[in-house]
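Visitor: Sharing a structure with you now.
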Amino acid sequence: MKNLKIGDFNDLEVIQIMDFGIYLTEGSSKILLPKHNVPAGVKIGDILSVFVYTNTEGRPVATTMKPKAVIEDFECLTVKTVTEFGAFLDWGIDKDLFVPFKEMEQPMKAGEKHVVRVCLDLQTNRVFAAARLGKYFQDAAGKVEEGQKVNLQIYEIHPL
């Protein structure tokens with residue numbers, strides 16, 4: 001899976017058609033695209049642009065749905081549910097985006113909107129969201145030059 005980008009879009013080749021979906025490859029592994037996401041008329045050898053994430057077992061899965069954010073994006077997402085492990089956000093695809101408690105700036109509640117950064121855990125290859133954003137701003141600060149136009153998103157009002 002050296003060339004596979006988890007948490008981002010990939011151009012993958014159709015290698016097998018099954019009753020439950022199709023298998024795609026980037027060269028070294030098979031990735032499932034479930035039946036409900038398979039475009040009509042697809043055939044072996046076709047190249048599809050798909051978003052790849054990991055399922056609960058850590059295996060890569062593809063979707064033709066477009067998520068609201070990909071790896072390294074900042075986005076304002078709605079909390080769907082909160083569990084004993086963290087919160088799950090509406091990511092715009094079949095799988096919700098998980099925010100562990102240790103990555104929350106403040107407790108989250110269902111229905112609230114929070115700005116998060118989409119991240120990839122390099123040890124598990126799982127995508128998660130972080131609401132503790134300060135550590136990611138340093139990376140961006142060095143890439144901005146005086147007078148350069150930038151897109152901004154206000155996510156917090158602070159008394160300072």
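Visitor: Out of all the residues in the stretch 58-83, which are open to solvent by 30 Å² or more (accessible area, probe 1.4 Å), assigned to a loop (DSSP other than H, G, I, E, B) and either at pLDDT 95 or above or hydrophobic (A, V, I, L, M, F, W, C) (or both)?
Guide: Listed by number, the residues that qualify are Thr64, Met65, Lys66, Lys68, Ile71, Thr83.
Visitor: Only one of (1) in contact (Cβ under 8 Å) with a residue 12 or more places away in the chain; (2) hydrophobic (A, V, I, L, M, F, W, C); (3) surrounded by 18 or more Cβ atoms within 10 Å (Cβ to Cβ) is not met by Ile17, so which one is it?
Guide: Checking Ile17 against (1) in contact (Cβ under 8 Å) with a residue 12 or more places away in the chain; (2) hydrophobic (A, V, I, L, M, F, W, C); (3) surrounded by 18 or more Cβ atoms within 10 Å (Cβ to Cβ), the one that fails is (3).
Visitor: Within the group Val116, Val144, which residue is without any contact (Cβ under 8 Å) to a residue 12 or more places away in the chain and of a type in the set (A, V, I, L, M)?
Guide: Val144
Visitor: If I ask for residues that are modelled with pLDDT of 95 or more and among the acidic types (Asp, Glu), which ones from the stretch 85-113 would you list?
Guide: Once the filter is applied, which keeps residues that are modelled with pLDDT of 95 or more and among the acidic types (Asp, Glu), the stretch 85-113 yields Asp90, Asp96, Glu103, Glu112.
Visitor: Of the residues Val79, Val115, Val99, which single one is over 22 Å from Leu48 (Cβ atoms), among the β-branched types (Val, Ile, Thr) and out of contact with any Gly (no Cβ under 9 Å at 6 or more places or on another chain)? Working first, answer last.
Guide: On the way: Val79 fails: out of contact with any Gly (no Cβ under 9 Å at 6 or more places or on another chain); Val99 fails: out of contact with any Gly (no Cβ under 9 Å at 6 or more places or on another chain).
Only one candidate passes the filter, namely Val115.
Visitor: Among Val127, Val116, Val144, which is the only one that is assigned to a loop (DSSP other than H, G, I, E, B) and either modelled with pLDDT of 90 or more or on the phi < 0 side of the Ramachandran plot (or both)?
Guide: Going through Val127, Val116, Val144 in turn, the sole match is Val144.
Visitor: Then there is this: Could you please give the count of residues in the stretch 91-129 that are over 28 Å from Pro34 (Cα atoms) and crowded, with 17+ Cβ neighbours inside 10 Å?
Guide: 4
Visitor: Right, something else. Give me the residue from the stretch 38-57 that is closer than 24 Å to Ala129 by Cα and surrounded by 10 or more Cβ atoms within 10 Å (Cβ to Cβ) and, out of that set, modelled with the lowest pLDDT.
Guide: Per the criteria, the residue is Asn55.
Visitor: Looking at the stretch 84-93, which of the residues that are part of a loop (DSSP other than H, G, I, E, B) and within 12 Å of the chain's Cα centre (by Cα) is farthest from Phe137 (Cα to Cα)?
Guide: The initial filter retains those residues of the stretch 84-93 that are part of a loop (DSSP other than H, G, I, E, B), namely 84-85, 90-93.
Then drop every residue that is not within 12 Å of the chain's Cα centre (by Cα), which leaves 90-93.
Numbers: Asp90: 24, Trp91: 22, Gly92: 25, Ile93: 27 Å.
My answer is Ile93.
The values are calculated or read from the model by the stated rules, or taken from the named source; none is laboratory data. If you're wondering where the values come from, they're calculated on a predicted model, not measured in any experiment. Glycine also receives a Cβ, built like all others from the backbone with ideal geometry; neighbour counts cover every protein chain displayed. For accessibility, only protein heavy atoms count, side chains too; no ligands or nucleic acids. Shrake-Rupley method; radii C 1.70, N 1.55, O 1.52, S 1.80 Å.
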